[in-house]
Amino acid sequence: VSTQSTGTAIMKLMMGMEFDPGSFGAGLAVALVSLWAAPQWLVPVDKYTVAKHVEMALRKRSQDVNGEAHGRWGDKCDVLDAATLTEPELLRRFQLDAVRANKPVVIRNYGFERIGNLSKWREVEYLTEQFGQSKHRVQFGREARRMIFADPKTGTLEHPWDKHAVPLSEAIDMISESQGNVFITQIPLLYNEFESDDEDDRNSSQIREPDDEKNGIPEMYDDIGPIPLVEGIMDVSSVNFWMSRVLPGVTRESTFHTDPSDNLLVQVTGTKEAVLVSHLDTHWVHPKRLIPTKHSTPPGESGGFGFEDVPSRQSMTKERDNFSPVDYLNPDLQRFPYWGEAQPTRCFLQPGDMLWMPAYTWHNVLSWGDAAENWLNIAVNYWFFPNDFLSEYTALIQEYVLDANEYN
């Protein structure tokens, strides 16, 4: 790490105190200064050493903030009830309690009452009749619990086999008849023209394909439209459709990850619980640079020449750094000890509820189905462009924590 880059880091991190007042920024800067200012012959400065000092400062700050019961965000999400607030009052509370506080909030009784025809999306007959010919990517997982696997032993991020350009009517049939391992995941209904064309955009949990639809699905987006609460205030980067089947006795999870966009997630059918960790507590989830891999055949089929289908590397140069290898339901605390200190915030969503997640929030989303809806879990999320300064600040912290986890 050069003295110039380390000095820049100190300045940025000191400025970061604006987002989390207290000793964190000062303590972190002192850790960096001690390395930056010391003579090279006394303290060899290398990337890993600096990263471990930053990690120690993050850990100390987390312990200070969370010393009292869930001091940063609380054990459970704050809730705003749209049924009891006028639109201006709801907007004021949302801006103060969520956006400016950089804090997750659940808004109850909003989605079905105020977002276009979203209430009709609870009926698969309506979706089939209105949008049955729209084309979707369908993914076929090896199991029902997780679709994407972050494996710390191999350093890979495993993706399932998928089939492209499937009409929605056929996709719904596939999902409805499945054992819970067939998914419609992150289908863009709307792409903002300024969205990055980078194939490894960190806002995506998916591996992009050359033939992926870049124009969205206008007829589906037009049926629900923008979220009135933030229309004209926040710039949308994309709107996405999600659908799966979660059978009784199964908890489906997304795997801990973070996205560089502010997020409003609206639940349509089934329920969810989002397990959230602030970007200031990134060390809890032990993020790691992972190589994206993908299966080449459907589950149950072998690879070429009868060999087992081993997921192959998708990029020889690019890694994904926004996933955590911590298995939330079965954590390995010997390998990932900081998760034992974690105090995540949990946010429960029922149909019609909407969750605000600030950009770069670590989240593992747990999903369940409902017998009355054939165990289907449907959601729509709206991504918004985040504050530029927060993005730079968070990316800097993320880089140091990744370096500190280089040997995990």
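Pairs linking a residue in region 263-282 that is closer than 20 Å to ILE227 by Cβ to a residue that is open to solvent by less than 10 Å² (accessible area, probe 1.4 Å) and of a type in the set (D, E, K, R), with Cβ atoms under 6 Å and 6 or more positions apart or on different chains, are GLN267/ASP353. Would it be correct to say that ARG61 is more than 21 Å from the chain's Cα centre (by Cα), modelled with pLDDT under 95, crowded, with 16+ Cβ neighbours inside 10 Å and within 29 Å of ASN322 (Cβ to Cβ)? Considered against the rule, which asks whether it is more than 21 Å from the chain's Cα centre (by Cα), modelled with pLDDT under 95, crowded, with 16+ Cβ neighbours inside 10 Å and within 29 Å of ASN322 (Cβ to Cβ), ARG61 comes out as yes.
Which of the residues that make up region 269-285 are closer than 21 Å to GLN334 by Cβ and open to solvent by 10 Å² or more (accessible area, probe 1.4 Å)? Within region 269-285, none qualify. When ARG122 is tested against (1) open to solvent by less than 50 Å² (accessible area, probe 1.4 Å); (2) basic (Lys, Arg); (3) touching a strand residue (DSSP E or B) at 6+ places or on another chain (Cβ under 9 Å), only condition (1) is not met. Of the residues making up region 147-186, those that are within 22 Å of GLY369 (Cα to Cα) and part of a strand (DSSP E or B) are PHE149, VAL182, PHE183, ILE184, THR185, GLN186. Pairs meeting the criteria (first residue in region 60-85 and under 24 Å from LEU349 (Cβ atoms), second residue open to solvent by 50 Å² or more (accessible area, probe 1.4 Å) and modelled with pLDDT under 85, beta carbons under 8 Å, at least 6 apart or on different chains) are ASP75/ALA69. Checked against the criterion of being crowded, with 18+ Cβ neighbours inside 10 Å, at pLDDT 90 or above and within 28 Å of GLN398 (Cβ to Cβ), the candidates ASN240, ASN203, ASN181 yield just one match: ASN240. Would you check if there is a residue in region 342-360 being under 21 Å from SER238 (Cβ atoms), assigned to a strand (DSSP E or B), open to solvent by 10 Å² or more (accessible area, probe 1.4 Å) and touching an Asp or Glu at 6+ places or on another chain (Cβ under 9 Å)? There is no residue in region 342-360 that is under 21 Å from SER238 (Cβ atoms), assigned to a strand (DSSP E or B), open to solvent by 10 Å² or more (accessible area, probe 1.4 Å) and touching an Asp or Glu at 6+ places or on another chain (Cβ under 9 Å).
Please tell me if VAL380 is touching a residue at least 12 places away in the same chain (Cβ under 8 Å), crowded, with 19+ Cβ neighbours inside 10 Å and assigned to a loop (DSSP other than H, G, I, E, B).
no
Residues that are under 23 Å from LYS135 (Cβ atoms), in contact with a Leu (Cβ under 8 Å, 6 or more places away or on another chain) and not small (Gly, Ala, Ser) do not occur anywhere in region 277-285. Of all residues in region 125-160, those being at pLDDT below 95, open to solvent by 40 Å² or more (accessible area, probe 1.4 Å) and in contact with a Ser or Thr (Cβ under 6 Å, 6 or more places away or on another chain) number 1. Give the residue that is nearest to LYS103 (Cα to Cα), with candidates limited to residues of region 239-295 that are of a type in the set (Ser, Thr, Tyr) and in a loop (DSSP other than H, G, I, E, B). The residue in question is SER278.
The values are calculated or read from the model by the stated rules, or taken from the named source; none is laboratory data. Note that the structure is predicted; figures quoted are calculated from it, not measured. Cβ atoms come from the backbone with ideal geometry, glycine included; neighbour counts cover every protein chain shown. The protein model used for the area step is the full one, side chains on, heavy atoms only, and it has no ligands, DNA or RNA in it. Shrake-Rupley method; radii C 1.70, N 1.55, O 1.52, S 1.80 Å.
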